[in-house]
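The values are calculated or read from the model by the stated rules, or taken from the named source; none is laboratory data. Please read these numbers as outputs of a predicted model, since none were measured by experiment. As a convention, Cβ positions derive from the backbone with ideal geometry for all residues, glycine included, and neighbour counts pool all protein chains shown.
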Protein chains: 2
Amino acid sequence: MTPATASPSLALPPRPSEVALEALIGELAPRLGERITTARGVRDQHGHDESWHHPGAPDAVCFPHTTEEVAAVVTACARHRVPVIPYGVGTSIEGQVIAEHGGLCVDLSAMNAILAVRPEDMDATVQPGVTRTQLNTHLRASGLFFSVDPGADASMGGMASTRASGTNTVRYGTIRENVLAMTVVMPDGRIVKTGSRARKSAAGYDLTHLMIGAEGTLGIITELTVRLHGLPEAVSAATVAFEDVAGAVDTVIASIQYGIPMARIELMDALAMRAVNRFSHLDYAEKPTLFLEFHGTHAGVKEQAESMAALCQEFGGSDFAWATKEEARSALWQARHDAAYAAKALRPGAEFLATDICVPISELAACIEATQADVAASGLIAPLLGHVGDGNFHLVVAVDRESPEELETLAAFNRRLIERALAAGGTCTGEHGIGSGKRGYMEAEHGEGWAVMRTLKAALDPLGIMNPGKLV
Amino acid sequence: MTPATASPSLALPPRPSEVALEALIGELAPRLGERITTARGVRDQHGHDESWHHPGAPDAVCFPHTTEEVAAVVTACARHRVPVIPYGVGTSIEGQVIAEHGGLCVDLSAMNAILAVRPEDMDATVQPGVTRTQLNTHLRASGLFFSVDPGADASMGGMASTRASGTNTVRYGTIRENVLAMTVVMPDGRIVKTGSRARKSAAGYDLTHLMIGAEGTLGIITELTVRLHGLPEAVSAATVAFEDVAGAVDTVIASIQYGIPMARIELMDALAMRAVNRFSHLDYAEKPTLFLEFHGTHAGVKEQAESMAALCQEFGGSDFAWATKEEARSALWQARHDAAYAAKALRPGAEFLATDICVPISELAACIEATQADVAASGLIAPLLGHVGDGNFHLVVAVDRESPEELETLAAFNRRLIERALAAGGTCTGEHGIGSGKRGYMEAEHGEGWAVMRTLKAALDPLGIMNPGKLV
C-alpha cells in the first residue's frame, strides 16, 4: 500500500492516438449523431477561453443533452484513454478550457434547462449550461435572484468549477456558499449526487465543496441546486473618491467592523478611473474611488448610506455621487463593468493579461500600494480594480505579445504579485482559478497540501483523463 | 490501477496487540512523559461522549501540546498500526469519540491557546482545544464574537470535525462558513495547512471543507483560523405561540422570503413547552412556539421586529412576549437552552436519544407533523426542538435501556424519522454528525457518493488508523 505521504506522480495521458479517437467517435456517434464532431471550426472555437493563454483545440467536440449522455461520453473516454475537457461558455481566464493534451471537449451549453424554482425554499435546480443572466431573467417575476456575478455571463457549471465570485460576494458569498447540491459525472462515468436540498448537513465528507473549484479535473457537473436571495425592497448606490488607496481601504475595514451590511464595495484606482472617463466620456475624479451599493428596506438603506457617508468623510472621502433611481445606478455600475474594456482601450492593439490575487483585508492597502509601485517601476500599463470588501483585486495588464522583453517583464511582474499575496497570508487567485496559468504557484501556496490534492486527483481520476494539465 | 468505480473495502485495523501498544508507548513516553497514560480512570473518561451509544475506552490516552507533538503521535501510530481517536471535550452525540477498536485517544484539550485575534480582518487563530465560550469570553472587549453555538461548550476542533451549527446559523452560518484555514496532521503524520486568511480563494481543491465534518477520519485538526462577527448594536428577542406547527413554519418561510435578517428562529413543540414550563416553573402557552432574535442597529431591530410581528399575526401567532433588555432576553433563551434538560425531566431515570434531521424548509411542517404522529403512535415521550430557519429539528427521546422492546421501538422510530428526511430531499443529520450512530444510513443518503467518500478515505488513510469505524 502506498503511503499517502508521497506526492503521487499523476498519470498524464499522451495525446490520444488516431486509432483511439476513431474508436471513441465510432462508439459515440450512433448515440450523439451530429452532436459529436471533428469539424475544424468547431474545434478551434472550443480551443480558447477569454484568457491570453495559447489556444489548444480539442480533437473533437460533443454536445450532450442529459446527465446520462455525459456519463456515456466519459465512460467511453475512460475506456479509450481520451482526455475530457468540460466546456460551458468559454469565459474562463486562466486557460481552464484549453485542450492542452487534445481530447474530447464536452460542451454543456445545450444542457441549459432551468429544472425547478422553489420560492418557499429559495432555491433553484438548473443544468450546467444555464447562464447567470438566463437564470436571473427567468426569476424576474419571482422576487428572487441568483447572486453570484463574476462579470462575464458565465455558465452555472463553469462558475461552480472555477469557484467564481464577483462584486456582491461581500454580502451574498461566492458560489461556494451558494451551491447546495450537485450531480456530477465522475471520471469513470459514475453518476454521483452530492449534498441535498437541506440547508445544512453533517452527513459525511463534503463532496459538493470538493467539486467546487476543481475545474473539471475530478468530474463533470451536470446539475446544480443553488440558493436564491430575495430582491431587496430598496437599493442605493454611490461613488466616493479618496486621496489614496489607504483611505479607501480603511473606510471599508471600518464599515465591515461596524457591521454595515453592504451589498457591494468595489475599488478602482486612479488609472482605472482615468480609463473609464476616457472610454465612456465621464468626468469622475481620477482618484482611488469606491463604488458602493446598499440593499435593504427603504429605512435600512437610508441608515446604511448615512453611516457609510459619515465613515467615508472620516477617512478623507470626497466627490460623493449618490444614485437611488435604477437608471442612475445602472449608469454608475456600467462604468465599473466597462472597466476591463476601458483598460484595454488605454493601449489599442495590445493584448491583456487579467490576473487576480486575494489577501487579508488588513494587508490590502499595503499590497495594492506595493503593486502600484511595481507597475510603475516595470513600465507597465495596468489599471487596478478590486472587490475590496473581500481583499481581492484584479489587474488588467497590457502587453505586446510580439515583444519577448514585454512578455518577460509581465511574467516577472505577475510572479512578484503572487509572491506578495502569499507573503501577506493570501492566495494566488481569489476568483479566476488556476487552470494552466497559475499551476506553477500551487506548491508555493499549499506546500504539503499540494501533495494531498494530487493524492485526491490520483484516487478519483487514476487514468488522468479529466481536464489533464489543469490545476494539479 | 484500480478504477475509482469500485467502492474500496476499507482497512479496519484489528484491536492493537499488546506488543504494538507497548512499542508505541515506549516510543512516545520519552517525549510525552506523564502526558501519555494507560490509567484505567483516564481511559474510561475518554471512552464515551454525551450520546447514549455504548462506551468504548481507548487503550491509552495522550495530551499533546503542539502540532509537532500530534504529528509525532500520529506517525508513531501509523508505524505500529494503532488506531488514533481525536478528542476535544467529549460533547459529541453520535459516538464520534468512542474507541470502538481500541487505540490511542489524542486529547487536545491542553492545546487551548488563542493564538491571535485580528480585529481588522475579523478573524482569530486558535488551537483546537479552545472552547467557544472561552473564545467569546476572550473577545468580550473587542466588540466581536464567534457565532457558532451548538449548545454544548464544545471545542473548536470538535465543532469543525462534526460540522456543528446551532441556533444562529440562519444568520451567521454553520462552522462550515466560519472556518477560513486550518492546520491538519494527516494520517501519515504530515502537517498540512489548508486555506489561507484570504476571505476567498479559487486556488485548488477545497481541503478545508474536506476536513470539516470528517470526524477525525482523515486527520487531526491542530489549528483553526475562524471568522468573527461584530456584536450587534441592538438585540431584541421574542416568543410567539401558534395553534399548530404549520402556522409557525409558514411564518418562518415568509420571514425569510421577505428578507428579514433574523439572527435566531427556533421552534419548540407543545410538549417541549410543557417540559420547559415544568422544569423551570414558567407559564408559557403550551403550544408550538417560535423563539426569535433580531440583531442590528436600534432602528433596524425595531423595523425587523415590527415586520415579524405583522407576519406572525397573519399566520395565527399569539401570546407575544418581547424582551429587549439583556436580563429578559437571557431568561427567554435560558428556557430554550434548558429544553434538553427539561425534556429529560419528563421521565426521570430514563436515558435519552438525541437525534436530528434536516429537510428543505417547504417540507418541514409536513415532516414535523408526520413525526409527531409517529411519536404518538409509537407511545414515545419525545419533545421536539428545531432550528427551524434551517429546516433542522431535534428530538429528545426517552428510553428505558433495560427494555429490549423500548429499544426496538426507538430504533424503528429513528429509522422512520431518517427515511422521512431522505424522502423529503433532506439529510439524516443537520448538525449532530454520523459517528457510529448513523453510519448505517450513509449509503441510503449518498448512493454512489458513499463509494466516493470511501475512495477518499482509502486514499488519505490507507492504513485505516484514523478514528476507525466512524463515518465511513
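Look at A:E405 and say whether it is more than 7 Å from chain B (Cβ to nearest Cβ) and in contact with a helix residue (DSSP H, G or I) (Cβ under 7 Å, 6 or more places away or on another chain).
No; evaluated as a whole, the condition is false for this residue.
Limited to the stretch B:64-106, what total is found for residues that are within 21 Å of B:T125 (Cβ to Cβ) and either of a type in the set (F, W, Y) or buried (at least 24 other Cβ atoms within 10 Å of the Cβ) (or both)?
Of the residues in that region, 5 qualify.
Exactly one condition in (1) at the interface with chain A (Cβ under 7 Å from one of its Cβ atoms); (2) more than 29 Å from A:D188 (Cβ to Cβ); (3) out of contact with any Lys or Arg (no Cβ under 8 Å at 6 or more places or on another chain) is not met by B:L417; state its number.
Every condition holds for B:L417 apart from (1).
Do we have B:G389 as over 28 Å from A:R190 (Cβ atoms) and crowded, with 24+ Cβ neighbours inside 10 Å here?
Against the criterion (over 28 Å from A:R190 (Cβ atoms) and crowded, with 24+ Cβ neighbours inside 10 Å), B:G389 qualifies.
Exactly one of these conditions fails for B:M262: (1) more than 9 Å from chain A (Cβ to nearest Cβ); (2) assigned to a helix (DSSP H, G or I); (3) within 22 Å of the chain's Cα centre (by Cα). Give me its number.
For B:M262, the failing item is (2).
Kindly establish whether B:G435 is within 11 Å of chain A (Cβ to nearest Cβ) and either within 19 Å of the chain's Cα centre (by Cα) or over 14 Å from A:S196 (Cβ atoms) (or both).
Answer is yes for this residue.
Going by what's in this entry, would A:A181 be described as without any contact (Cβ under 8 Å) to a residue 12 or more places away in the chain and either hydrophobic (A, V, I, L, M, F, W, C) or more than 8 Å from chain B (Cβ to nearest Cβ) (or both)?
Answer is no for this residue.
Restricting the search to the stretch A:223-252, which residues are under 17 Å from A:P86 (Cα atoms) and either within 13 Å of chain B (Cβ to nearest Cβ) or under 18 Å from the mean Cα position of the chain (by Cα) (or both)?
A:L224
Specify the residue that is farthest from A:V185 (Cα to Cα); the eligible residues are those in the stretch B:439-452 that are within 20 Å of the chain's Cα centre (by Cα) and at the interface with chain A (Cβ under 7 Å from one of its Cβ atoms).
B:M442
It is to be established whether one or more residues within the stretch B:275-282 are crowded, with 22+ Cβ neighbours inside 10 Å, at negative phi and not assigned by TED's automatic domain parsing to the domain that holds B:E100.
So far as the stretch B:275-282 goes, yes, one or more of its residues are crowded, with 22+ Cβ neighbours inside 10 Å, at negative phi and not assigned by TED's automatic domain parsing to the domain that holds B:E100.
Among the numbered criteria (1) of a type in the set (D, E); (2) part of a helix (DSSP H, G or I); (3) modelled with pLDDT under 95, which single criterion is violated by B:D283?
(2)
Of the residues that make up the stretch A:199-221, is at least one touching a Phe, Trp or Tyr at 6+ places or on another chain (Cβ under 7 Å) and surrounded by fewer than 24 Cβ atoms within 10 Å (Cβ to Cβ)?
Yes, the stretch A:199-221 contains a residue that is touching a Phe, Trp or Tyr at 6+ places or on another chain (Cβ under 7 Å) and surrounded by fewer than 24 Cβ atoms within 10 Å (Cβ to Cβ).
Do you know which residues across the stretch B:345-379 are of a type in the set (D, E, K, R), in a helix (DSSP H, G or I) and buried (at least 21 other Cβ atoms within 10 Å of the Cβ)?
B:E363
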